[in-house]
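Peer 1: Next up is a structure, given as structure tokens.
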Amino acid sequence: ALSDKLSRLVKEMRGQARITEANVQDMLREVRMALLEADVALPVVRDFVARVKDKALGQEVVGSLNPGQALVGIVNRELVATMGEGVSDINLAAQPPAVILMAGLQGAGKTTTTAKLAKHLVDKRKKKVLTVSGDVYRPAAIEQLKTVTKQAGAEWFPSTPDQKPLDIARAAIDYARKQYFDVLLVDTAGRLAIDEALMREIRELHAALNPVETLFVVDAMQGQDAVNTAKAFKEALPLTGIVLTKMDGDSRGGAALSVRQITGAPIKFAGVSEKIDGLEVFDAERHAGRILGMGDIVALVEQVTAGVDLQEAQKLAAKVKSGEGFDLNDFLSQIRQMKQMGGLSTLMEKMPSQLQAKAGQVDMDKAERDIRRKEGIICSMTAAERRKPEIIKATRKRRIAAGAGVQVQEVNRLLNEFEQMQGMMKKMKGGGLMKMMKRMGG
Ligand code: GDP
Ligand code: MG
């Protein structure tokens, strides 16, 4: 895969202090290929790469990174910033009923998403929600909305194929007002391709309804084609948000970047299954990871940027490798490194998904509380005690426990753990920091 080539290039790069025209050319070419491979549309890729180049040139390379790693960091941050900008829940700041208009091609997932949103608004925001279908071209579409609205626990306003969409919408809004609904979701007809009649109809609906949200529903699997659709809808309507559907499919996620950049509207939600609860708040960071597919490098870059002392970590790793002299100071230094990285849970989020799955059984909150308590105990020890834990007998234990504000048993537990860790490290040949931390977290 192309991102493999990008990874290789990143690894082969020599350490240099700055990102320059000369050292960034090959890298940028690979970034461009990786984005195209992820199905981002060409004009969007060009724009994006130009922005990244602008940001990267002349930038100092932090710590032990090479320019390639630094660049991947910049690419990742730009992806997150672009896709994550303005992400927020549905805006309901309007005189009730707040009207939400759904727009998009046929098969994009409008009807499904209407029901998913209805459920979200009923369950999470405790709203009284009405749905209505303006899809008079396909009788089955009205029935479909009726069925899924029931599943959502919302109310459905009847409409029939012989009515005009505008009349349906007006009747629904009237009913919603009289019955004190908080929200009216208006599902609309799509076509297989953009056509002028469709655009006119939805523009008229928009003008009559004055919606607080006009959501563009788009199939993530559309890849590059999503761009033309997005352009047409943006020209026709003032879009306030995007819902990307079918993210559970095998698309590489490029449509998110394309559609975000073309429409300028925030990506609010992602559809992740056909089921009524298959809707998630869009997560730009996770999505950037999917597009770039370089979780390990991104995690490394972020740790270094966050000020983790890699040299310290390497020294520690070397000690571990030789299995010698691992004392409570090293134990403490490990604990502190974990804290510097923003805690175990943030670290886990940055790891590639296979590792995340393995770590999934661990209770992160508990693990982090545990780390803080351990740190407190070691901090109550003298330098001599940390170097030679075997001198810690009953009197010292009582003093340490009092200093840390814990029971003596907790000091015992920590010393036991330390001993186990020490033994384990002697056995572990060339373990590396990640491995150590995973054991400690467990
Ligand atoms: P509409 O024509 O825009 O109203 O599209 P529909 O809501 O009828 O959806 C078209 C098809 O896509 C249906 O078979 C849905 O079940 C399916 N669908 C919609 N959203 C998702 C999603 O997020 N994931 C998956 N896997 N299927 C979806
Ligand atoms: Mg539909």
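Peer 1: Among residues belonging to the range 109-132 that are more than 9 Å from ligand 1 (Cβ to nearest atom) and either of a type in the set (A, V, I, L, M, F, W, C) or in a strand (DSSP E or B) (or both), point out the one that is surrounded by the fewest Cβ atoms within 10 Å (Cβ to Cβ).
Peer 2: Val122
Peer 1: Given the residues Val80, Val72, which is the only one that is crowded, with 22+ Cβ neighbours inside 10 Å and under 15 Å from Gly289 (Cα atoms)?
Peer 2: Val72
Peer 1: Do we have any residue at all in the range 137-147 that's touching a strand residue (DSSP E or B) at 6+ places or on another chain (Cβ under 6 Å) and surrounded by fewer than 20 Cβ atoms within 10 Å (Cβ to Cβ)?
Peer 2: Among the residues of the range 137-147, at least one is touching a strand residue (DSSP E or B) at 6+ places or on another chain (Cβ under 6 Å) and surrounded by fewer than 20 Cβ atoms within 10 Å (Cβ to Cβ), which makes the answer yes.
Peer 1: Consider Ser88 against the criteria (1) free of Cβ contacts under 8 Å to residues at least 60 places away in the same chain; (2) surrounded by fewer than 20 Cβ atoms within 10 Å (Cβ to Cβ); (3) more than 16 Å from ligand 1 (Cβ to nearest atom): it satisfies all of them except one. Which criterion is unmet?
Peer 2: (1)
Peer 1: Considering only residues that are in contact with a strand residue (DSSP E or B) (Cβ under 9 Å, 6 or more places away or on another chain) and over 15 Å from Gly134 (Cα atoms), look in the range 178-205 and name the one that is farthest from ligand 1 (Cβ to nearest atom).
Peer 2: Gln179
Peer 1: Let me ask another. Could you please tell me which pairs satisfy a Cβ distance under 8 Å, a separation of 6+ or placement on different chains, a first residue in the range 253-282 that is over 14 Å from Val218 (Cβ atoms) and without any contact (Cβ under 8 Å) to a residue 60 or more places away in the chain, and a second residue that is part of a loop (DSSP other than H, G, I, E, B) and of a type in the set (Val, Ile, Thr)?
Peer 2: Glu280/Val272
Peer 1: Select from the range 151-171 the residues that are within 16 Å of ligand 2 (Cβ to nearest atom) and assigned to a helix (DSSP H, G or I) and write down the one among them that is surrounded by the most Cβ atoms within 10 Å (Cβ to Cβ).
Peer 2: For the range 151-171, the residue satisfying everything is Ala169.
Peer 1: OK, next. Using the structure shown, decide if Lys246 is in contact with a helix residue (DSSP H, G or I) (Cβ under 9 Å, 6 or more places away or on another chain), without any contact (Cβ under 8 Å) to a residue 24 or more places away in the chain and within 10 Å of ligand 1 (Cβ to nearest atom).
Peer 2: So Lys246 does not fit the description; no.
Peer 1: Specify which of the listed residues (Val44, Val75) is assigned to a helix (DSSP H, G or I), modelled with pLDDT of 85 or more, farther than 19 Å from Val218 by Cα and under 23 Å from the mean Cα position of the chain (by Cα).
Peer 2: On inspection, the qualifying residue turns out to be Val75.
Here is a yes/no grid of residues against (1) more than 16 Å from ligand 2 (Cβ to nearest atom); (2) in the same structural domain as Ala171 (by TED's automatic domain parsing); (3) of a type in the set (D, E, K, R); (4) under 11 Å from Leu185 (Cα atoms):
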| position | (1), (2), (3), (4) |
| --- | --- |
| Thr82 | yes, no, no, no |
| Leu105 | no, yes, no, no |
| Ala115 | no, yes, no, yes |
| Lys127 | yes, yes, yes, no |
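The values are calculated or read from the model by the stated rules, or taken from the named source; none is laboratory data. Everything quoted here is computed from the prediction, not taken from an experiment. Because the Cβ atoms are built from the backbone with ideal geometry, glycine has one as well, and the counts that use them run over all protein chains shown.
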